[in-house]
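Report on one structure; see the data block that follows.
What follows draws every value from the coordinates through simple rules; no lab data is involved. Not measured: the values here are computed from a predicted model. Virtual Cβ from ideal backbone geometry, glycine too; neighbours counted across all protein chains shown.
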């Protein structure tokens, strides 16, 4: 903490008494807390306290439980330092007894269950509600800054997972999972990340219509071809596929490849080599493209002229009995179509001879435990983390993720047999038998969309695309991606940023780009299950090279617009003091107030203040005649980073 910041911090404290939990201190006492925090931070190289961490509610200043622990730890640690005593690893851990956990949407029911079952387990929840949860989890992993309870949706880097996470293979709760599931997550004989539940994917069909017509689910391509002929004789479309999102076409083609060679040892080797630039699609994909063409010829991949989204396709084509089958990458929250009451079914991707009819799956989450907890002194934390995972992989814990509203989602437990009449009954059986495979996504991100566009053009009969052209396009796209790999990184961070430093960086980029006088940026905090700041900054920027994937981890969910309001300096500062009550519950998120060149705002002078899209209350917007402006924070940030080349917390894009 430099002198200027310390002076500003102290000046921002009111002279009257300050309520900290149930104790009243004078402004001078709080000033001493901050000064001591600054001194200790400089000696021990830990994060200092700042005035923004005091939670303001009206004219009352409060401390969160987490801040109270930090203040307590601060005084104890300072005493140890001043007495020339250095705490052991065990002592340091005892200063912060709570497990850390970055919360994600979708875990709310389980968190409530956990609090009910184990109220004695103290957890420091950290809220992340940015635009790239999976990417952020792996940025934390690379920076060795993961929470004690680690969550992600993709196993992006197996070697890094093995290095940073505890091996779970020796714990009793793992015995509740099928061998087929464990085989797919094993890394060199160990298990470091376990799936919580699976979203299952196949080909949807109108089950009621099939039964009325006496049509059976086909078991091989010959039966599928014959059935499609009967469907066309009835004046119906055999099958429709989604084309609004290119991922639908990409997955349709790849899933048919998986009914044959892509899931064999030879196919897995080819995929590794192709992604590394050591193999081509030509010479491998010709049979698959011929098979895709046969699906097209029998009418399974009809495209929607209106290019509607996946839910609309099902409701219109299957709900109105225009088509029988629907191929898309999506789950549904209904089992009956609303207008007719027709039941939905799901069937596998049909292989040519019927010997390998397959489903796809995607884990809702993977859970792991930081290997820090296996170090001496952390025995209590490890015991509590194992309790959490034991509850997670119990029938009661799994029920928190699987409900009637998630008919395509299934538990990963051996004991969780879905009813025989369930939409995913056959899919569950396929998973246990090894006929379900993970959806292709990881490591294909750079080319997936463009490859999917080529397949979409083929399905539509556009731009001269056919199977051979698609193969050539696959090779062209991958080679181009590899050739420009260095260009994917347009900047480098030379240090780790704190959350506040990340917010300052983004706020100053916005202010500079839009010509504002001041910017108010909301900072994330944990406000309870199901609550998250989607209009603010909740992720930190870490040291290392920066590409688009990295950059999106620190941006808010919403982009494309920002807001400008005209107000006096006094009004800007009052808003900053009150914070952003995003949820209307009197529990505001703190605002960061930033100005160009860190200039002071004069109380009576009028300024243009910029806000993130939705980063203010409706009341504030009405009071100051908010203007909604077009402009992408993502574009502003990338442009500035490209110009800088390297950045650090001291970088100032708004001089």
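Computed from label points 7 Å out along Cα-Cβ, the spacing between residue 558 and residue 115 is 2.6 nm.
Label-to-label distance for residue 340 and residue 315 is 1.6 nm, based on points extended 7 Å past Cα in the beta-carbon direction. When each of 465, 451 is scored by the number of other beta-carbon atoms lying within 10 Å, the sequence from fewest to most is 465, 451. Going by the alpha-carbon gyration tensor, a ≥ b ≥ c the square roots of its eigenvalues, is region 151-227 rounded (a/c under 1.5) or, if a/c is not under 1.5, prolate (a/b greater than b/c) versus oblate? It is prolate, given that a/c is not under 1.5 and a/b is the larger ratio.
Neighbour counts of other C-beta atoms within 10 Å: give me 361, 607 arranged from fewest to most.
Listing 361, 607 from fewest to most nearby Cβ atoms yields 607, 361.
Between residue 634 and residue 492, what's the calculated FRET efficiency when r is the beta-carbon distance and R0 is 22 Å? Round to 0.05. Once the sixth-power term is evaluated, E becomes 0.75. For region 210-262 and region 145-184, write down the distance between their C-alpha centroids in whole Å. For region 210-262 versus region 145-184, the Cα centre distance is 35 Å. Shape of region 174-287 from its Cα gyration tensor (a ≥ b ≥ c, root eigenvalues): rounded if a/c is under 1.5, otherwise prolate when a/b > b/c, or oblate? It is oblate, given that a/c is not under 1.5 and a/b is not larger than b/c. As a calculated quantity, the FRET efficiency between residue 599 and residue 531 at R0 = 51 Å, using C-beta atoms, amounts to about 0.90. Placing a label point 7 Å from the Cα of residue 484 along the Cα-to-Cβ direction, the residues of region 445-466 with a backbone N closer than 14 Å are 446-451. If the segment from residue 144 to residue 276 were pulled out straight at 0.36 nm per residue, it would be longer than the present Cα-Cα gap by 44.9 nm. Applying 0.36 nm per residue to the separation of residue 230 and residue 414 and subtracting their alpha-carbon distance, the gain on full extension is 62.3 nm.
Arranged from fewest to most other beta-carbon atoms within 10 Å of their beta carbon, 630, 225 become 630, 225. Is the shape of region 482-581 best called rounded, prolate or oblate, per the rule: a/c under 1.5 gives rounded, else a/b larger than b/c gives prolate, else oblate, with a ≥ b ≥ c the square roots of the Cα gyration tensor eigenvalues? Note, shape of region 482-581 comes out prolate. Taking 0.36 nm per residue of separation and subtracting the current Cα-Cα distance, fully stretching the chain between residue 643 and residue 293 would add 121.3 nm.
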